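Some notes on the structure that comes next.
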Amino acid sequence: MHDVWALMTGNRVLDITLAHWLLAMITLFATVVAQRITLTTFDRMARRLAARTKTQLDDVLLTAAERPASMLVLIIGLMLTVHLLQPPADVFPLVALIDQAARIMAILIGIWFLWRLIAGLTSYFTARAEETDSPLDNQLVPFIAKTLKIFLIMTAVLVVAQNMGYSISGLLASLGIGGIAVAMAAKDTISNIFGSIMILIDRPFTIGDWIKTSEFEGVVEEIGFRSTRIRTFERTLVNVPNSSLANMVIDNIDARSERRIKMRIGLTYDTSASQMQAAIDGIEQILRNHPGVDQGYKLVKFDEFDESSLSIFLYYFSASKVWEEYLQVRQEVNLQIMMLLEGMGLSFAFPTRTLHIETEAAASERPRAPIR
């Protein structure tokens with residue numbers, strides 16, 4: 001055994017002893033085995049966690065780390081193999097080159113892991129966003145994913161350049177000056193992008209909502225990164241910059257749970273107090289029995305003596321916020337009130353004016369004041 005080891009340490013191939021070649025081959029074989037073990041271990045861990053936990057985030061993490069981890073094991077094994085060979089540095093500086101290449105590959109593997117993790121999280125949160133009623137989640141998830149990937153690529157380029165021996169301070173300074181120039185030139189575009197982000201986060205409205213501002217009113221058709229498209233009720237299309245829209249006071253009509261109905265009914269002055277009370281009771285009964293009227297809050301009150309009518313104030317809500325259904329409820333209630341008042345013999349009042357005209361005979365019979 002001693003003679004074999006002496007033979008292996010004494011003989012050289014490419015100026016490297018046979019013992020170092022043997023150790024390198026054993027290390028390389030162990031690296032391949034370790035790589036397979038790593039893949040198998042990650043697969044078993046993913047299955048166990050999937051069976052134990054309800055969330056899929058751990059599965060996403062393990063799936064993203066599986067191939068980068070096996071590649072990292074291979075890189076480490078190759079680096080150890082080269083170090084065990086100990087090639088002469090004066091002939092070919094292989095160790096220094098492998099060390100630098102291993103650092104760069106480790107950085108790229110880390111970037112690859114983060115890229116796969118972002119992709120997995122994007123798929124996970126996209127599936128979760130499709131389960132919600134709001135379509136804004138479907139736009140927010142890919143927007144954040146693209147932003148993170150762009151930032152990841154820029155970081156990778158800078159870190160790799162620095163590890164290759166390039167000075168990135170000048171590049172960062174150039175990027176800073178260029179970024180200021182670009183920011184000044186694209187100020188409106190950047191403000192619109194931030195406005196779209198605020199709209200996506202705050203969710204003042206969603207696609208299909210009827211919104212109203214001091215400048216326009218209509219239905220939201222599309223929410224873009226620069227502007228939002230509003231279809232007005234005149235069927236025109238309004239493109240509103242998101243920076244302006246984010247600073248507007250927005251009344252989301254469709255955000256309400258029901259629609260309000262507020263009106264007055266005027267009866268003539270020949271209506272008696274008992275008839276007025278019967279009319280109020282009858283209208284309350286109509287509202288109470290109608291299936292389209294929300295029973296949470298309603299008012300029927302005789303509140304004013306107007307100039308030409310006795311005013312009954314009605315205040316109630318339709319159970320549906322859909323405009324057509326709301327109008328149908330309002331129409332049915334109005335018709336039932338008309339039939340109620342007609343059956344009671346009551347009349348709706350309208351603006352009237354009574355003129356008293358004196359005849360010439362009556363004027364002559366009026367006593368005159370004595371002339372002094």
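At a glance:
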| read-out | value |
| --- | --- |
| Separation of the Glu325 and Ile280 label points, Cα + 7 Å toward Cβ, nm | 3.2 nm |
| Most to least accessible of Arg226, Arg259 (protein chains only, probe 1.4 Å) | Arg226, Arg259 |
| Around Val300: net Lys/Arg minus Asp/Glu count, Cβ-Cβ under 13 Å | +2 |
| Theoretical FRET efficiency, 1/(1+(r/R0)^6), r = Cβ-Cβ of Tyr297 and Met198, R0 30 Å, to 0.05 | 0.30 |
| In Å², nearest 10: area of Glu342 left accessible to a 1.4 Å probe | 120 Å² |
| Potential extension, Ile253-Ile107 segment - 0.36 nm per residue separation minus Cα distance | 47.4 nm |
| Residue-span extension gain [Ser308 to Glu332] - 0.36 nm each, minus C-alpha spacing | 6.0 nm |
| Region 219-266, accessible surface, carbon-and-sulfur percent (1.4 angstrom probe) | 45 percent |
| Order of exposure, largest accessible area first, which applies to Trp115, Trp323 with probe 1.4 Å | Trp323, Trp115 |
| Candidate residues Ser318, Ser272: accessible-area rank, largest first, probe 1.4 Å | Ser272, Ser318 |
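The values are calculated or read from the model by the stated rules, or taken from the named source; none is laboratory data. If you're wondering where the values come from, they're calculated on a predicted model, not measured in any experiment. For neighbour counting, all protein chains shown are included, and Cβ atoms are generated from backbone atoms with ideal geometry for every residue, glycine included. Heavy atoms of the whole protein, side chains included, go into the accessibility calculation; ligands, DNA and RNA do not. Shrake-Rupley method; radii C 1.70, N 1.55, O 1.52, S 1.80 Å.
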